[in-house]
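Trainee: This is the structure I have questions about; it appears just below.
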Amino acid sequence: MGDETGDKAWWTFSIDEAVRADPKQSRFTGEMDVNPVLSGGRRMLDYHKYIGLDHLLISQRPSSSIPDERVFITTHQLHEITFKMVAFDMAVVARTLESLTKVGDPTAILRRCSEDEPFWRPALTAAARASFACRELLPSIMRYLGDPRDADETFSSIEFSRFRKNLEPASGFQSAQFRLIQRGLGKSNLLSIRLFPSDTYRENYGDVHDSTATVVDPLILRHDAAVATPAKASSLALVTHLDAAAHRVLDAIGELGHGKTAAPEHIVSADIDRAIATLERILSSKRRDVSGDVLEERKRRHTAAVEWFREDMASAVVAENDRREHLRRARAGAQVLRALAPASHLATVLRHIVRADEALHDPAHDSFLSVHLRVTRERLRQVNAYAASRGEQEPSAGTGGGGIEYLGWAQKHLIPLFPALVAYREVGE
């Protein structure tokens, strides 16, 4: 996923109605024009060239002759294409919200939230697409890899085990675009926590590093780290503005509220203690089958990992709670919006963003991460059963950040503490 260097046309867009309605202003020219007029007034562009089919259909490069590897590759490519669309849609919404704050006084902003449909049209469709992609597309795509709830097996864990070892340390855990989306949904403080074991990455990449790493660490993401943590000058940075831009709009409207408003609910020490206790149980389970020097070394590393996590989590919580303290007026703005304009364009857009966040992360629903965890668990169960039937040693659980125990732990105990649009969603429907 590039920006100015290789993806300039993708990130060159306008929410200005005058530009969108004028073919002369909205159509690219020069080197960005994909269909210039040639001599004689003819054009050469066709379907194949327009969607880049020649590049798209040769970008699958399997490592083996095993048929199921092809679906493994295309499933992850479909995820990344969908992530790219979601990230773009979040950028459209962010730019719209940033433009909204420049409208004028709070009354004018609130009035425009319900009026001027041409202004809102790009954000309305973008927010609806992001919600749809997160609710429908991403979980469905994940099921290509074998959901135990489906009657038909679409992917064989046994076949997977035969080519997976070719790919270490590559993992879906390394999706930089997904981390970019999480930043846009207000989870930047969460991403600063050293969370997952990095041994496999250190061993394969040859980097010197602590035994745990953040999900946006260059050790994990390699050259894609700049996507997950884009520079301010990057087009991708607009994606990361979404949550803050929404809160700024609510903050402006908050001037119309009356009386003092409490800050959004804070993360409390009990939340940290609960997450640490679960992490310690996971690490303890990984020491059951070892003894001697190996056990002592593993204990040492696990103790250090817990302390790193405790330190990082405490810092992240301080930063997050401080952020929420400054969202008091945004929460008042959410109350105003709920009371005076619950069916407004702004309210519709914000509801879509909340639903997208829940569809990706909420452990109480059949979210994208829930499906990911369920599919991964079933795949591992099948692989282990196959190995046991042949008297073989259980294979590695993969390089996805330490295995499914960590995925489940993060989804249940960490991610819910950092919801998107916290000041808006707490007010309730």
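Trainee: For the range 245-263, what are the residues that are within 28 Å of the chain's Cα centre (by Cα) and at pLDDT 95 or above? Full working, then the answer.
Mentor: In the first step, residues of the range 245-263 are kept if they are within 28 Å of the chain's Cα centre (by Cα); the result is 245-252, 263.
The answer is A245, A246, H247, R248, V249, L250, D251, A252.
Trainee: Taking the condition farther than 30 Å from V317 by Cβ and in contact with a Gly (Cβ under 8 Å, 6 or more places away or on another chain), does E153 pass?
Mentor: Yes; evaluated as a whole, the condition is true for this residue.
Trainee: Sort out which residues of the range 25-72 are within 30 Å of I15 (Cα to Cα) and not in a loop (DSSP other than H, G, I, E, B), and write them in order of number.
Mentor: Listed by number, the residues that qualify are Q25, S26, G30, E31, M32, Y47, H48, K49, Y50, L53, H55, L56.
Trainee: Going by the structure shown, is P36 out of contact with any helix residue (DSSP H, G or I) (no Cβ under 8 Å at 6 or more places or on another chain) and either modelled with pLDDT of 95 or more or within 30 Å of L97 (Cβ to Cβ) (or both)?
Mentor: No; evaluated as a whole, the condition is false for this residue.
Trainee: I'm told I267 meets every condition in (1) β-branched (V, I, T); (2) under 19 Å from P416 (Cβ atoms); (3) modelled with pLDDT under 95 except one. Can you identify the failing condition by its number?
Mentor: So the condition that I267 fails would be (3).
Trainee: Show the residue pairs that are 6+ apart or on different chains and have beta-carbon atoms under 7 Å apart, the first residue being within the range 403-419 and farther than 15 Å from T214 by Cα and in the same structural domain as D271 (by TED's automatic domain parsing), the second being of a type in the set (D, E, K, R) and surrounded by fewer than 19 Cβ atoms within 10 Å (Cβ to Cβ).
Mentor: Partner pairs satisfying both residue conditions: I404/R377; H413/R274; L417/D271; P419/R425.
Trainee: Looking at the range 199-257, which of its residues are of a type in the set (K, R) and more than 27 Å from E297 (Cα to Cα)?
Mentor: R222, K232, R248
Trainee: Please indicate, with yes or no, whether at least one residue in the range 319-326 is within 30 Å of A126 (Cβ to Cβ), polar (S, T, N, Q) and in a helix (DSSP H, G or I).
Mentor: no
Trainee: Continuing with this model, one more query. Quick one: which residue in A237, A228 is closer than 21 Å to A91 by Cβ and either surrounded by fewer than 22 Cβ atoms within 10 Å (Cβ to Cβ) or among the acidic types (D, E) (or both)?
Mentor: Checking each option against the conditions leaves just A237.
Trainee: Being crowded, with 18+ Cβ neighbours inside 10 Å and assigned to a loop (DSSP other than H, G, I, E, B) is the requirement here; does P342 meet it?
Mentor: In short, no.
Trainee: Continuing with the same structure: Would you be able to say whether some residue in the range 130-143 is surrounded by 15 or more Cβ atoms within 10 Å (Cβ to Cβ), more than 30 Å from A388 (Cα to Cα) and free of Cβ contacts under 8 Å to residues at least 24 places away in the same chain?
Mentor: Scanning the range 130-143, I find at least one residue that is surrounded by 15 or more Cβ atoms within 10 Å (Cβ to Cβ), more than 30 Å from A388 (Cα to Cα) and free of Cβ contacts under 8 Å to residues at least 24 places away in the same chain, so the answer is yes.
Trainee: Here's a follow-up. Cβ contacts < 6 Å: first residue without any contact (Cβ under 8 Å) to a residue 40 or more places away in the chain, restricted to the range 231-260; second residue surrounded by fewer than 22 Cβ atoms within 10 Å (Cβ to Cβ), any location; separation 6+ or different chain. Result?
Mentor: These pairs meet every condition: A237/P230.
Trainee: Suppose the filter is farther than 16 Å from L414 by Cα and either hydroxyl-bearing (S, T, Y) or touching an Asp or Glu at 6+ places or on another chain (Cβ under 8 Å) (or both); does S284 pass it?
Mentor: Spelling it out, S284 is indeed farther than 16 Å from L414 by Cα and either hydroxyl-bearing (S, T, Y) or touching an Asp or Glu at 6+ places or on another chain (Cβ under 8 Å) (or both).
Trainee: Another question, if that's okay. Please specify each residue of the range 263-295 satisfying the condition of being small (G, A, S), free of Cβ contacts under 8 Å to residues at least 40 places away in the same chain and assigned to a helix (DSSP H, G or I).
Mentor: Those that are small (G, A, S), free of Cβ contacts under 8 Å to residues at least 40 places away in the same chain and assigned to a helix (DSSP H, G or I): S269, A270, A277, S284, G292.
Trainee: Kindly provide the set of residues from the range 235-262 that are under 21 Å from L190 (Cβ atoms) and part of a loop (DSSP other than H, G, I, E, B), ordered by number.
Mentor: Across the range 235-262, the qualifying residues are L236, H241.
Trainee: Determine whether A304 is surrounded by fewer than 16 Cβ atoms within 10 Å (Cβ to Cβ), touching a residue at least 40 places away in the same chain (Cβ under 8 Å) and touching a strand residue (DSSP E or B) at 6+ places or on another chain (Cβ under 9 Å).
Mentor: Yes: the conditions hold for A304.
Here's the yes/no breakdown for (1) touching a Leu at 6+ places or on another chain (Cβ under 6 Å); (2) over 21 Å from A245 (Cβ atoms); (3) not small (G, A, S):
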{"residue": "A319", "(1), (2), (3)": "no, no, no"}
{"residue": "E325", "(1), (2), (3)": "no, no, yes"}
{"residue": "R329", "(1), (2), (3)": "no, no, yes"}
{"residue": "V336", "(1), (2), (3)": "yes, no, yes"}
{"residue": "L346", "(1), (2), (3)": "no, no, yes"}
{"residue": "H352", "(1), (2), (3)": "no, no, yes"}
{"residue": "D362", "(1), (2), (3)": "no, yes, yes"}
{"residue": "S370", "(1), (2), (3)": "no, yes, no"}
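Trainee: When only residues in the range 82-104 that are without any contact (Cβ under 8 Å) to a residue 24 or more places away in the chain and surrounded by fewer than 16 Cβ atoms within 10 Å (Cβ to Cβ) count, which is farthest from the chain's Cα centre (by Cα)? Walk me through how you get there before you give the answer.
Mentor: Going residue by residue through the range 82-104, those that are without any contact (Cβ under 8 Å) to a residue 24 or more places away in the chain are 102-104.
Subset that is surrounded by fewer than 16 Cβ atoms within 10 Å (Cβ to Cβ): 102, 104.
On the way: K102: 29, G104: 33 Å.
In this case the residue turns out to be G104.
Trainee: Then there is this: Taking D357, is it free of Cβ contacts under 8 Å to residues at least 40 places away in the same chain, assigned to a helix (DSSP H, G or I) and under 28 Å from F196 (Cβ atoms)?
Mentor: In short, no.
The values are calculated or read from the model by the stated rules, or taken from the named source; none is laboratory data. Note that this is a predicted model, so its numbers are computed, not measured. Cβ: placed from backbone, ideal geometry, glycine included. Neighbour counts: every protein chain shown.
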